[in-house]
1. Can you tell me the accessible area per residue over the chain, all protein chains present, probe 1.4 angstrom, in square angstrom?
2. Would you calculate the convex hull of the Cα atoms in the chain and tell me its volume per residue in Å³?
3. Show the residues, 5+ positions off or on another chain, whose built amide H is closer than 5 Å to the amide H of Val281.
4. If you take the charge dipole of the chain about its Cα centre, with +1 on Lys and Arg Cβ and -1 on Asp and Glu Cβ, which of Met23, Gly150, Tyr76 is farthest toward its positive end?
5. If you project the alpha carbons of the range 231-333 onto their three principal axes, what span does each projection cover, largest first, in Å?
6. Using only the Cα atoms of the range 155-314, build the gyration tensor, take square roots of its eigenvalues as a ≥ b ≥ c, and label the shape rounded, prolate or oblate: rounded if a/c is under 1.5, else prolate if a/b is larger than b/c, else oblate.
7. Using the Cα centre of the range 247-331 as origin and beta-carbon charges of +1 (Lys, Arg) and -1 (Asp, Glu), tell me which of Leu261, Leu273, Gln290 is placed farthest towards the positive end of the dipole.
8. With only Lys, Arg, Asp and Glu charged, each at its Cβ (+1 for the first two, -1 for the last two), find how big the charge dipole of the chain is about the Cα centre; round to the nearest 20 debye.
Amino acid sequence: MSLDLPLIWAFVIAFAVFAYVVMDGFDLGIGILFPTFKPGPERDSAMNSVAPVWDGNETWLVLGGGGLMAAFPLAYAIVLPALYAPIIAMLLALIFRGVAFEFRWRDPGHRKFWDFAFTAGSVVAAFSQGVTLGALLQGITVEGRQYAGGWWDWLTPFSLLTGVSLVVGYALLGATWLVMKAEGAMQSHMRRMSAWLGAGTVLLIAVVSAATPFLEGAYYENWFAWPSVLLTAQVPLLVLIGAVLFFRSLRKGHERWPFLLALALFGLSFVGLGISMFPHVVPGAVTIWQAAAPDSSLLFMLVGASVLIPIILAYTGYAYWVFRGKVGHEGYH
């Protein structure tokens, strides 16, 4: 039996994108929440909680983008021109945020400016990622084998909704991360923020989920066709169960469970995205198999990925293990 290499690579890229959302989401969330922290020890503690891992988290963004270009070059050639503006905004914001992260410590005389830059970069990066997702979901105009839309096609009410949704969702991940990593007054503050942000995230998941099936006929068919609806209906049910468990864990004062359950909500949302889009990589226009590179190229890259991805997972896991536990503003775990 021959391997379905385009399908395997679709899962590899999906895994890389989800790993990025999970791992970079909470440190972007800390940047979004940064103005709510008191200047001094609180802000130092928040930054120190992600200082050992934040730049490594973006490895997955490189893998996802590079994998798309190499494994699905046709999709890359169509999607990039359609989404240049939000993607460039995201990359510039990530650069600006990274500079601010480092210079905040090395240039204390301008710390207020670098704190603002850290927040602004985090908000713009998260919002741009959400807009990119929304613009992809709503469909891209394709004629022949190239993008045929306009410069502003990505900017719609739906893409703005997904942009705001991701900002709120990342802020939730950041708040629950600090519930796990902080102590005392800061932890209590993050518990309160987590409750509000959790409610906002669940509401926005519901709104986006309700709107998505009506963007494309294929989305509606994927969700509601019989008998597959018996399976797809489990996703919103699991989201509801996850939301109930999330708020219960906050009320009971748990430290790790709110973060893990927030990740579960993101994971279920990602499953819902997959249900909507599969088997298309450019919704309504190009399938995974139509966009794929030759099997010989996919197989060659898969050999490399099968070696590198476990190595990346190993050193990432080791970094999180070494820096487990609570963190203080002095930088000690």
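The values are calculated or read from the model by the stated rules, or taken from the named source; none is laboratory data. Just so it is clear, the model here is predicted, and its values are computed rather than measured. Because the Cβ atoms are built from the backbone with ideal geometry, glycine has one as well, and the counts that use them run over all protein chains shown. Ligands, DNA and RNA are stripped out before the accessible areas are found, and what is left, the full protein with its side chains, is counted by its heavy atoms. Shrake-Rupley method; radii C 1.70, N 1.55, O 1.52, S 1.80 Å.
1. Values: 16020 Å² over 333 residues.
Per residue, the chain has 48 Å² of solvent-accessible surface.
2. 140 Å³
3. Excluding prolines and chain starts, which carry no amide H, the hits are Val286, Thr287, Ile288.
4. Looking along the dipole axis, the top candidate is Met23.
5. Over the range 231-333, Cα extents along the principal axes are 51, 37, 21 Å.
6. oblate
7. Farthest towards the positive end: Leu261.
8. 1060 debye
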